Ligand code: FES
Ligand code: FE
């Protein structure tokens, strides 16, 4: 076989592999009919905010304590509503010609520059999005169906009262699917993260064989079946070198579920991640630690978070992931999966069976 033929065969393999997941492949902008975390509650005070998720520009406004979410484009000429101002309570006015929308229903209740009898009133309505505020976060539902309770998508323990939740939200480059695949990817931690300060004392395996099991509530979980530490690689030598200070044993239990929620269970606490699609090339990376504990425990855990977990894990360690997600090429690039990538294919299969509707860039264009 010539070099060109070999290259073509690889492309063919990749095409065949990826063609197995047509819905996932199409879902550049994610899946509808789900709740997504979009911002921290404390970031939304009187001043409105604009976020983009699943290709939708969404205007967030807190009015008399309650958060509202509307399509962030005025129906008149398309100016972002978030640039406007509040003239009357319960409404918001576009900055350009003063079209004024009811925050709860999205209905146009006044066109200020056309007088109180403007005939356009009542004939225009902006799309509204269901919103919940729990665990210090604002959650928005994107979909056409009646929204299920937040618990349908968000782990009950995460939004239970009394939990200690601390973390960060960043806007990152890379399609959300790369970030999700990286999150559940079985093999990379043992190489990419081996020298991260967060892992300084951990005796990392060289390799691991796993099986993927289905848990309750839609989670799939990686379960190790065989583990190797210092190992001889035929003709090459031994890897990795023994490090006496790496004494910590035992790994975390890693699971993922729709709509792109990663759960990493450590012995004492749990790390959660969400990969929220924004546009085809970016996502919101939402990372929070969670611990169910009493009032004193909450205080101590928060102290622990800000002393080192935030810096070493949520920042430095996960920056290595950010870098990889940014470096991954587009889907047109051939991929050759290996044994540990069973985690990635299990995740793709999960998406393939999702209750939502996959959104492609083209579908979004017709979505206004
Ligand atoms: Fe909004 Fe004209 S564009 S009122
Ligand atoms: Fe990682």
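Values in this text are rule-based calculations from the coordinates and carry no lab data. As the structure is a computational prediction, the values presented were derived from the model and not from experiment. Note that each Cβ is placed from the backbone with ideal geometry, even for glycine, and that neighbours are counted across all protein chains shown.
Note on 307, 128, 261: ascending count of other Cβ atoms within 10 Å places them as 307, 128, 261, the fewest first. For the Cα atoms of the chain, what angle does the longest principal axis make with the long axis of helix 318-327, in degrees from 0 to 90, nearest 10? Relative to the chain, helix 318-327 is tipped by roughly 80 degrees.
For region 117-159, what is the convex hull (Cα atoms) projected area averaged across all directions, in square nanometres? Computing the convex hull of the Cα atoms and averaging its projections yields 4.4 nm². Sorting 129, 88 from the fewest to the most surrounding beta carbons within 10 angstrom yields 88, 129. Against the longest principal axis of the chain, how steep is helix 342-352, in degrees 0 to 90 to the nearest 10, with axes from Cα atoms? Tilt relative to the chain: about 30 degrees. Distance from the C-alpha centroid of region 176-221 to that of region 101-143: 43 Å, rounded to the whole angstrom. Using only the alpha-carbon atoms, how far is helix 295-304 inclined from the longest principal axis of the chain? Give it as 0 to 90 degrees, nearest 10. Once rounded, one gets 70 degrees. Volume per residue of the convex hull around the Cα atoms, evaluated for the chain, comes out as 158 Å³.
Got a sec? Which residues in region 50-79 would a label at residue 302 touch, if it sits 7 Å along Cα→Cβ and we count backbone N under 16 Å? No residue passes the distance filter. Using a cutoff of 8 angstrom between alpha carbon atoms and counting only pairs six or more residues apart, the relative contact order for the chain works out to 23 percent.
In terms of its alpha-carbon gyration tensor, region 226-368 comes out oblate; a/c meets the 1.5 threshold, while b/c is at least as large as a/b. In the chain, helical runs assigned H by DSSP with n ≥ 4 each contribute -39500 (n - 2.57); averaged across all residues and rounded to the nearest 500, the mean residue ellipticity at 222 nm is -5500 deg cm²/dmol. Computed from the C-beta positions of residue 266 and residue 335, the FRET efficiency with R₀ = 41 Å rounds to 0.85. Between 215, 354, 63, find the one with the highest GNM mean-square fluctuation for the chain; connect C-alpha pairs within less than 10 Å. Highest fluctuation of the listed residues: 215. As a length-normalised measure over Cα pairs under 8 Å and 6 or more apart, the relative contact order of region 261-368 settles at 13 percent. Principal axis extents of the Cα atoms in region 74-136, from largest to smallest and rounded to whole angstrom, are 43, 21, 21. Here, region 173-218 has an Rg and a Dmax of 13.4, 34 Å when only alpha carbons are counted.
Using a Gaussian network model of the chain in which every pair of alpha carbons under 10 angstrom is joined by a spring, one finds that among 234, 147, 340 the greatest mean-square fluctuation is at 234. Cα centroid separation, region 15-56 to region 270-344: 16 Å. In region 101-250, the convex hull through the Cα atoms has an average projected area of 15.6 nm², a quarter of its surface area. Quick check on region 21-89: take the gyration tensor over C-alpha atoms, sort the square-rooted eigenvalues as a ≥ b ≥ c, and tell me if it's rounded (a/c under 1.5), prolate or oblate. Oblate shape, in that a/c is at least 1.5 and b/c is the bigger or equal ratio. Put in line by how crowded their Cβ is, counting other Cβ atoms within 10 Å and starting with the fewest, 190, 211 read 211, 190.
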